[in-house]
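The structure appears below as structure tokens.
The values are calculated or read from the model by the stated rules, or taken from the named source; none is laboratory data. Because the structure is predicted, anything quoted here is derived from the model rather than measured. Positions of Cβ are backbone-derived with ideal geometry, glycine not excepted, and every protein chain shown enters the neighbour counts. For accessibility, only protein heavy atoms count, side chains too; no ligands or nucleic acids. Shrake-Rupley method; radii C 1.70, N 1.55, O 1.52, S 1.80 Å.
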There are 2 protein chains.
Amino acid sequence: MAPTPTWVKQLKPSGPQGSELLAAERAKSNVPVEKLQELLFTKQVIERKKKVLDVLKSEKIFDKSQNYFAGRTDRFETALARAKKLRNLRVEHNWSLDEYRVASELISEPGPYGLHDSMFLITLNEQGTQEQRDEFLSKANDYKIIGCYAQTELGHGSNVRGLETTATWNPEDKTFVIHSPYLTASKWWIGSLGRTANYAVVMAQLVVNGKSYGPHPFVVQIRDLRSHEPLENVHVGDIGPKFGYNTMDNGFLLFNKVKVPHISMLARFSRVDPETNEYVRQGSPSLIYGTLTWVRSTIVMQAGSVLARGVTIATRYCAIRRQFQDRDAASGSAESQVLDYTMVQIRLLPLLAATFALHFTGKSMMNLYQESQKKMNASSTSSDSGNRGAGPEETRSGSDILADLHATSCGLKALSSTIAAEGLEVCRRACGGHGYSSFSGIGPWYADYLPTTTWEGDNYMLTQQVARYLLKSARSVLKGDAPSNDTTSILSTFRSRSEIGCAFDIIGSDGDLVSAFAWRASFLTFEALKHRDEQGKAWNDLLVDFYRLSKAHSQYMVVKNFYSALQSPETRSGVDSSTFDVLHDLFRLYALHTLEQEGSEFYASGACSKHQISLARTNTVMKLLQAIRPHAVRLVDAWGFDDWVLDSSLGRIDGKVYEDMFYRASELNPLNKITVDPYPDSEVLFRKVEDSVVKSKL
Amino acid sequence: MAPTPTWVKQLKPSGPQGSELLAAERAKSNVPVEKLQELLFTKQVIERKKKVLDVLKSEKIFDKSQNYFAGRTDRFETALARAKKLRNLRVEHNWSLDEYRVASELISEPGPYGLHDSMFLITLNEQGTQEQRDEFLSKANDYKIIGCYAQTELGHGSNVRGLETTATWNPEDKTFVIHSPYLTASKWWIGSLGRTANYAVVMAQLVVNGKSYGPHPFVVQIRDLRSHEPLENVHVGDIGPKFGYNTMDNGFLLFNKVKVPHISMLARFSRVDPETNEYVRQGSPSLIYGTLTWVRSTIVMQAGSVLARGVTIATRYCAIRRQFQDRDAASGSAESQVLDYTMVQIRLLPLLAATFALHFTGKSMMNLYQESQKKMNASSTSSDSGNRGAGPEETRSGSDILADLHATSCGLKALSSTIAAEGLEVCRRACGGHGYSSFSGIGPWYADYLPTTTWEGDNYMLTQQVARYLLKSARSVLKGDAPSNDTTSILSTFRSRSEIGCAFDIIGSDGDLVSAFAWRASFLTFEALKHRDEQGKAWNDLLVDFYRLSKAHSQYMVVKNFYSALQSPETRSGVDSSTFDVLHDLFRLYALHTLEQEGSEFYASGACSKHQISLARTNTVMKLLQAIRPHAVRLVDAWGFDDWVLDSSLGRIDGKVYEDMFYRASELNPLNKITVDPYPDSEVLFRKVEDSVVKSKL
């Protein structure tokens, strides 16, 4: 590639410059960026992030400049090297688990140690006995063995009970035989398995004395600890390229009657007694379900900031991109900033509002989880010690909380990851043609995030769990034996007013707006109950209704949580009153825009009138867009993404959008190192001029 | 990579096998696949496709097995080699332009000759004089020069008038100076420019005597014809990786006062007189707008089959994938096919219906285009020859047709490409986890298709053109001087009934169903007119309304065209009555599902009642899903995609889904050729065991 000529280097974008435009945006608004950022994250978390970021930036291995260009193999190799470095930095700087997680988030790519660091360690810890923790966990903590969590198979994902891999107890020599009877039994999609792991927690159907006891976890070595070659009768590898997530080596794994010792079966909650050869259950695995709930809560928590990256990039770029004059403006006026077009605002600003809505919802979800864990632990401790002091009331309240939390986390996981994933694509398109370039930074991020809509419960499947819970709650409300929680409370209110209806002032009153969401969710619950219990409709015929119901209930939760966050002392004391007004506008925009999108359901439920919905759309939402518009850039600034993290030409904090696009294309792009022969009749297809390229083709 | 062990090779998926399941699906339905395929495409087109496909399959260079694995540079190089081969095959087999296009479609990847073959040749032909065609077009036709079409710039896309590249006429030496005054003037996104082209048609602001005359096309050489190095004062290269379309070398291009001769400005419609140094307009460039309309019509035409690829893959896979038992089924029953879940049906089957709806709409659009071209040519011939015989009536009718066609093509381009792009993503997700694998074939296809929503008019921008046309039509209806066409006819009908309202039997009558779509579009048109003309709202404040209006009108067009296609003699005589009933169900599903999705607008317009919308959803649509379900596999079979074309494990016609996934992962995947050292404390980061890989890293 010839060096960039001097005349090119001297070129500037036509004015006004991106930096000037962003400066003007920031001058228009008084939103205190730092204060707001502290409200979102706390000072302590912001400082921790900065400290870790400084370390990462100083290490060459984390340099991102070739990320968008590298092919699959290079990306994986680099990601593994980074994972190793990160582990070593953790030791060197004595980072806590939280700091280690912050570092991973800042690097922003799935790494090959990902499943070792999470599910492998967690499962050993939670489901292993002390003996097993001594045997496996300590080595795993020291990275003497590297593991993964092998549950999903080629033929079975969501339906864990249908797994085909077997673990058969052999009474003669006190071993288990791990076996894959079919091709579809092959473990599939297993993160960190393809090239990296030498151990796996394998979920397999336990068979004892010819009887199957369902899926259980086994710790199985799969590769030699020195040569890293697969062990005999183990077939393992990477499953190939994906839409995203290509820095991760998702793998496959087949066993041909592989013997493992008795200690391999993780035995905290159930085991095979080697003396009697009997299957024995012990203790309650409810803490494991707790972990799943925790994972889903984390997804809710992260959805806000996942989406905020896209919104930050698109908002900044749309403040810089100018295209066409306003049709009603005098001829000769300058081109408008794209962010001034209402058609762009209506796509971006409700998503900006959603980032805050999801963030506050996630925070409240985590609080709820921690509270419930405390209660559960208290009750399980007392029940472990012979049920002393824990009356039936308290036990019941513990399991009620768990059921409520489980359903809430399912519904919110589905809703929030769908909003984040689809919102990112909206942000990408709002960037016009340049959104399609990898340098936008949105596409690769979106592609990596997409699996979140499928894993930890497919977003469609999960809605059935929410519906089941809501139906159950409605039945208990009808019977009069409902536990007291928010869900039964809104259902009871709806029920008590079903004869007289409601009259919500959705535009004039925030409280009424939240209540309208509760009303619609309750209406749909009792409708579904009628279909199922009175009309005896088939479950399968109600799945679409259940999906809508789950969405309605989760949207209510988000609106309620955003509203509560506004009322909280932290918010009231954390920002000045004009910033509070902006947050309040964001709340109303999120709620009213959602209400308008789901207009026909709100109307059908009687929660509001046709006129109100039409007013919300043509009047209130449009006014809120106008009110929020001047603060848009400062509001995304408050999310505090460093340029190094965003890795986006379009989202640069200094507005040097075009300079950065050009630099990456012209100076970094390896395709520009080859010169081709363009003619169809040439004898050789290509003529390469750069040695480096010629060499790689040898 | 170690060879696959024998025990692995002997494994089969657990039964029933995919092949058995698809056979059972095909046995359930009598839809005559071949007949239906002929109705869609005609026998002649099907045979032509088969002939071309056989040639492609026999050429090694078109082998697709490494497509999903290769990195950017390899993919581009292979694509260029394929483009050359394709050109040579065209000569060898004496393929027509249509056959050449069919071949490109079958290969299904953007190729580096793409813009040479289309916009470069078309522009030279349509906008060049005879002298210019002799000079440039003949060489271009012979691939002695390879060109592209350089319009979009880093700073300007949709707003062509805002382009910054200048072409200044120099009276002294009768040349133009092509110049890029700013970095944002850099041509950007130009297909085939990055590495391949040595010529470009450059759109630049023509400046004569200090006065600017707007953008004009110039033919400019940019690379040396032998060395292929950029000419002096030309800076050109590839713009880097994108979300998709990575086989194409989209490029950038900057000029530093490059002189080109007088002949460079394409002069059919305007030129600079070299004697007087005056700018001269000649003839009417309306045919050029015709080309844009043609390009948009092609997009509408293709949207159906673009989407059908995704629907084919997802439908076949969902007939094979089994997950969970039906909740109401006896315990111990087999797992259900995913396609039996209503939540999957509601996502896939309306898209299956959409493939037919879009296909018939595209066909009718192309017919309309050809008719209009005939009329335009007739009227332009007579007007060229002194307006003989062409009265004002006929001329006006010509421009009316053009205006109608322009608006229709804008609206339908936006709607159909949005349906296709977003539908593909729905198909991908309907495949669950495996949809995320590149081997699904949907992700890469979706990513390559996405730019269609932006180019040839951004889908959001285009809706303004539709709205403007509808407002104009409504004004002429009110004034009583409306030309007679379908748009003014539905507006007049609405207007004449505005006092008495309507009563459409949307569920009982097809005609009424179509009329309900016309009613809603007309309602929104007059609402928008009221906002603009009576209330004097700003254009910018109405963009969201305009977007909805355009969508409503285009949805009406699609429903109307699907309905007309069902009524046509070809359809009536082309298929037996039970197949006709299936097509009729598809029509109703498409129309009623769309109506339900847009329920609040239909309701607000008075086109139907709340009760009707609720019936459509809970009753009619669910019944239609049930009725269409047994025919789903045969209906996608009728689209006639060869496995070679789909390149999808999940969409295989023989149902060997899991075998193919496994084969590609285990045998083809190059990542499995490397063995890594997994430990964080290892001195070397990686240890490679295969020579081939070691070499490529030298």
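From the list A:Asp581, A:Asp647, which one is more than 18 Å from A:Glu34 (Cβ to Cβ), open to solvent by less than 40 Å² (accessible area, probe 1.4 Å) and either in contact (Cβ under 8 Å) with a residue 24 or more places away in the chain or not polar (S, T, N, Q) (or both)?
Only one candidate passes the filter, namely A:Asp647.
If A:Leu592 satisfies every condition in (1) at pLDDT 95 or above; (2) surrounded by fewer than 22 Cβ atoms within 10 Å (Cβ to Cβ) but one, which is the exception?
All conditions are met except number (2).
Among residues belonging to segment B:226-256 that are aromatic (Phe, Trp, Tyr) and at the interface with another protein chain (Cβ under 9 Å from one of its Cβ atoms), point out the one that is farthest from the chain's Cα centre (by Cα).
This residue is B:Phe252.
Considering every residue within segment A:548-557, establish whether at least one is surrounded by fewer than 23 Cβ atoms within 10 Å (Cβ to Cβ), out of contact with any Asp or Glu (no Cβ under 6 Å at 6 or more places or on another chain), assigned by TED's automatic domain parsing to the domain that holds A:Ser417 and part of a helix (DSSP H, G or I).
For segment A:548-557, residues surrounded by fewer than 23 Cβ atoms within 10 Å (Cβ to Cβ), out of contact with any Asp or Glu (no Cβ under 6 Å at 6 or more places or on another chain), assigned by TED's automatic domain parsing to the domain that holds A:Ser417 and part of a helix (DSSP H, G or I): present.
Under the condition of being in a helix (DSSP H, G or I) and open to solvent by less than 30 Å² (accessible area, probe 1.4 Å), which residue from segment B:449-460 is nearest to A:Arg322 (Cα to Cα)?
So the residue we want is B:Asn459.
So which of B:Arg520, B:Arg475, B:Arg468, B:Arg495 ends up being at pLDDT 95 or above, open to solvent by 10 Å² or more (accessible area, probe 1.4 Å), charged (D, E, K, R) and touching an Asp or Glu at 6+ places or on another chain (Cβ under 8 Å)?
Just one listed residue meets the conditions, B:Arg475.
Using the structure shown, decide if B:Ile263 is open to solvent by 20 Å² or more (accessible area, probe 1.4 Å), modelled with pLDDT of 95 or more and among the hydrophobic types (A, V, I, L, M, F, W, C).
Spelling it out, B:Ile263 is indeed open to solvent by 20 Å² or more (accessible area, probe 1.4 Å), modelled with pLDDT of 95 or more and among the hydrophobic types (A, V, I, L, M, F, W, C).
Tell me, yes or no, whether segment A:560-578 has at least one residue that is of a type in the set (S, T, N, Q), open to solvent by less than 50 Å² (accessible area, probe 1.4 Å), touching a Pro at 6+ places or on another chain (Cβ under 8 Å) and at pLDDT 95 or above.
Looking for residues that are of a type in the set (S, T, N, Q), open to solvent by less than 50 Å² (accessible area, probe 1.4 Å), touching a Pro at 6+ places or on another chain (Cβ under 8 Å) and at pLDDT 95 or above, one finds none in segment A:560-578, hence no.
Tell me the residue from B:Gly433, B:Gly443 that is touching a strand residue (DSSP E or B) at 6+ places or on another chain (Cβ under 7 Å) and in a helix (DSSP H, G or I), please.
Within the list B:Gly433, B:Gly443, the selection yields B:Gly433.
For segment B:504-547: of the residues being in a helix (DSSP H, G or I) and among the hydroxyl-bearing types (Ser, Thr, Tyr), which is farthest from B:Ser492 (Cα to Cα)?
B:Tyr547
What tally of residues in segment B:169-211 results from selecting those that are under 25 Å from B:Ser118 (Cα atoms) and of a type in the set (Phe, Trp, Tyr)?
Here the count works out to 3.
Might you check whether a residue that is at positive phi and modelled with pLDDT of 95 or more occurs anywhere in segment B:153-172?
Among the residues of segment B:153-172, not one is at positive phi and modelled with pLDDT of 95 or more, which makes the answer no.
Among the residues of segment B:301-322, write down those that are under 23 Å from B:Pro13 (Cα atoms) and touching a residue at least 40 places away in the same chain (Cβ under 8 Å).
Residues satisfying the conditions are B:Thr312, B:Ile313, B:Ala314, B:Thr315, B:Arg316, B:Tyr317, B:Cys318, B:Ala319, B:Ile320, B:Arg321.
Just checking, how many residues over segment B:395-453 are over 13 Å from the mean Cα position of the chain (by Cα) and among the β-branched types (Val, Ile, Thr)?
Qualifying residue count, segment B:395-453: 5.
Taking segment B:560-602, which residues are of a type outside the set (A, V, I, L, M, F, W, C) and not in a helix (DSSP H, G or I)?
B:Ser568, B:Asp576, B:Glu598
Looking only at segment B:58-106, filter to residues that are in contact with a Leu (Cβ under 8 Å, 6 or more places away or on another chain) and within 8 Å of chain A (Cβ to nearest Cβ); which one of those is farthest from B:Val645 (Cα to Cα)?
Ranking the qualifying residues of segment B:58-106, first place goes to B:Thr73.
Tell me, please, whether a residue that is β-branched (Val, Ile, Thr), within 30 Å of B:Tyr68 (Cα to Cα) and part of a loop (DSSP other than H, G, I, E, B) can be found in segment B:222-229.
no
Only one of these is within 20 Å of A:Glu596 (Cβ to Cβ) and either out of contact with any Ser or Thr (no Cβ under 8 Å at 6 or more places or on another chain) or without any contact (Cβ under 8 Å) to a residue 60 or more places away in the chain (or both): B:Gln597, B:Gln567. Name it.
B:Gln597
When you scan segment B:624-640, do you find a residue that is open to solvent by 40 Å² or more (accessible area, probe 1.4 Å), farther than 25 Å from B:Glu25 by Cα, within 11 Å of another protein chain (Cβ to nearest Cβ) and in a helix (DSSP H, G or I), even just one?
Taking every residue of segment B:624-640 in turn, none turns out to be open to solvent by 40 Å² or more (accessible area, probe 1.4 Å), farther than 25 Å from B:Glu25 by Cα, within 11 Å of another protein chain (Cβ to nearest Cβ) and in a helix (DSSP H, G or I).
Take the residues of segment A:127-184 that are of a type in the set (A, V, I, L, M), in contact (Cβ under 8 Å) with a residue 60 or more places away in the chain and closer than 20 Å to A:Gly457 by Cα: which is surrounded by the most Cβ atoms within 10 Å (Cβ to Cβ)?
For segment A:127-184, the residue satisfying everything is A:Ala150.
Before we move on, is B:Thr463 closer than 28 Å to B:Tyr603 by Cβ, of a type outside the set (Lys, Arg) and either open to solvent by 30 Å² or more (accessible area, probe 1.4 Å) or in a helix (DSSP H, G or I) (or both)?
yes
Which condition does B:Gly214 not pass, out of (1) crowded, with 18+ Cβ neighbours inside 10 Å; (2) part of a strand (DSSP E or B), if it passes all the others?
(1)
Determine which member of the set B:Phe360, B:Phe356, B:Phe324 is modelled with pLDDT of 95 or more, in the same structural domain as B:Asn561 (by TED's automatic domain parsing) and open to solvent by 10 Å² or more (accessible area, probe 1.4 Å).
Exactly one residue qualifies, and that residue is B:Phe360.
Out of A:Phe269, A:Phe324, I need the residue that is within 11 Å of another protein chain (Cβ to nearest Cβ), out of contact with any Leu (no Cβ under 8 Å at 6 or more places or on another chain) and of a type in the set (A, V, I, L, M, F, W, C). Which one?
Just one listed residue meets the conditions, A:Phe324.
Return the total of residues in segment A:58-92 being part of a helix (DSSP H, G or I) and either more than 28 Å from B:Asn246 (Cα to Cα) or charged (D, E, K, R) (or both).
16
Restricting to segment B:137-165, and then to whatever is more than 22 Å from B:Thr453 (Cβ to Cβ) and among the hydroxyl-bearing types (Ser, Thr, Tyr), can you tell me which residue is farthest from the other protein chains (Cβ to nearest Cβ)?
That would be B:Ser138.
Name, by its number, the condition in (1) farther than 21 Å from A:Asp328 by Cβ; (2) away from every other protein chain (no Cβ under 14 Å); (3) open to solvent by 30 Å² or more (accessible area, probe 1.4 Å) that does not hold for B:Glu534.
(1)
Looking at this structure, is A:Asp448 within 26 Å of A:Met365 (Cα to Cα), of a type in the set (Asp, Glu) and more than 14 Å from chain B (Cβ to nearest Cβ)?
no
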